[in-house]
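To start, the structure under review is shown below, and the notes come after it.
No lab work stands behind these numbers, since they all come straight from the coordinates. A quick note: this is a predicted structure, and the numbers were derived from the prediction, not measured. A quick note on method: Cβ atoms are made from the backbone with ideal geometry, for glycine too, and the neighbour counts reach across all protein chains shown.
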Amino acid sequence: MDKSLRYISISHKTASVAEREVFHIPKEEKKDLVDRILKTFPDISGLLLLVTCNRTEIYFESVTTPAMAMRNFLVRSKISNDRAKASQLFRCGNATNKTVRHLLEVSSGLASSVLGDVEIVHQIKKAYHFSMELNLQGSLLERAMQTVFKSHKRISNETLFRDGTTSIAYKALKVINHTFDKAFAKEKKVLFIGAGDIVVQLFKYNSKFNFKNIYVSNRTEAKAIALAKRHRAKIYGWDKVLKNDFQGFDVIVGAASNCHDLVKKIPVAATNPILLIDLAVPCNINKDLSRNKNVLLHDLETISMDLEDTKEKRMAAIGKVGEIIAEELLAYSEWLQRAPLRAFLAEYKILVNQKVMDYFEAGSENYDPLVVKTVTDRIIRKVKKRTDPSISFEEMDTVIAEQVSFL
């Protein structure tokens with residue numbers, strides 16, 4: 001039985017934020033999860049964990065393990081009851097082509113909560129680097145990732161789908177700008193909680209907004225210090241965050257991993273509003289805080305619905321993006337169909353190489369290994385061109401003599 005590339009996915013398309021955060025895989029738990037997956041399913045040869053604020057997906061290369069088995073494994077590892085209901089939140093795929101199509105739609109931003117989100121391809125690249133560190137790239141997965149990066153480059157160069165900035169981080173900063181009077185927005189006291197990818201993006205896009213009074217806090221203080229130093233921000237102690245000491249802040253942005261309900265209380269002034277923006281999964285900010293009159297709370301869902309300035313341009317490019325995905329998927333399918341031939345040629349090449357060396361030795365000729373390689377490669381190319389990709393060993397002496405004559 002041939003290997004297949006399969007996937008399971010829970011995302012904003014199938015589940016709410018509260019449902020998705022149950023299946024979020026924190027960075028510090030990924031290696032342990034991979035070890036348990038490999039122990040449970042020893043036939044897996046390639047594995048990729050894609051975990052973002054909007055989705056948790058597992059792509060895996062396997063001969064016998066079906067996607068539903070992987071889904072059930074993840075559900076069992078995360079919850080102890082209502083497993084049947086939770087299982088319905090997942091989409092699964094067992095066919096390699098279906099899996100690659102899904103991955104291309106995700107990587108392109110077609111499946112993002114923010115249409116055309118460019119950050120997703122960088123998150124996929126980071127996930128793939130983790131797979132490579134564990135030597136779990138697999139042949140089917142490796143080729144799929146090459147297809148992803150080629151598609152991304154084509155979409156950027158051949159369409160307007162990447163025009164404009166619609167990342168979650170950019171939108172969060174724009175919400176701040178729209179909430180307060182523009183004359184005073186830049187001076188508002190802002191706290192970024194966390195030091196991961198989203199906070200890095202917040203600082204990146206702040207060059208467009210120029211908020212000047214930013215503090216950053218993180219469990220690992222060294223990361224907060226590095227970010228603050230790089231972006232001329234200030235440090236806010238993690239102990240104060242744990243105590244919910246947020247006196248004086250106008251904006252609190254939660255983006256810390258694995259910190260559910262980190263922010264439970266805030267000082268509410270009689271006049272000045274406090275803006276809370278929750279970009280974390282699980283949620284950092286308790287939703288009950290929004291009941292306060294002067295508290296404005298935005299989470300991933302509301303952020304994604306707001307500020308679609310570039311949506312029309314991107315919508316118009318969807319057709320072209322779909323064409324590119326179809327073309328690259330076809331190229332992947334053709335590569336996949338040639339897999340048996342590649343396997344045959346790999347074995348055949350070993351025999352050809354030995355036959356070429358025997359030819360030289362029979363003639364008592366001195367030969368260079370490079371000459372043997374050149375003749376072998378020419379014969380393999382000749383075999384590739386034939387409709388019937390085989391040359392008998394009776395024919396091979398003649399073919400070898402022909403190729404040697406060209407040297």
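General remarks:
- Listed pairs Lys78/Lys240; Lys174/Lys311; Lys31/Lys98; Lys126/Lys264; Lys31/Lys223 exceeding 23 Å between Cα atoms: Lys78/Lys240; Lys31/Lys98; Lys126/Lys264
- Maximal additional length on extending the Arg91-Val63 stretch stands at 8.1 nm, based on 0.36 nm per residue less the C-alpha distance.
- The ranking of Lys39, Lys31 from fewest to most other beta carbons within 10 Å of each one's beta carbon is Lys39, Lys31.
- Interchain or long-range residues, amide H under 5 Å from Asn213's placed H: Val190
- Dimensions of the chain based on its C-alpha atoms, expressed as ranges along the principal axes with the largest first, amount to 98, 47, 42 Å.
- Cα-based convex hull, region 168-305, per residue volume (Å³, whole number): 96
- When both bridge partners sit in region 234-323, DSSP labels roughly 0% of those beta bridges antiparallel.
- Taking θ as phi - 60° and the Karplus parameters 6.51, -1.76 and 1.60, the scalar couplings of region 243-260 work out to 7, 6, 8, 10, 4, x, 7, 8, 9, 10, 10, x, 8, 8, 6, 6, 10, 5 Hz in sequence order, x denoting glycine and proline.
- Cα convex hull volume per residue for region 1-119 (Å³): 101
- Model label points for Arg291 and Arg338, set 7 angstrom from Cα along the Cα-to-Cβ axis, are 6.4 nm apart.
- Nonlocal amide H pairs with Ser112, under 5 Å, H built at 1.01 Å: Asp117
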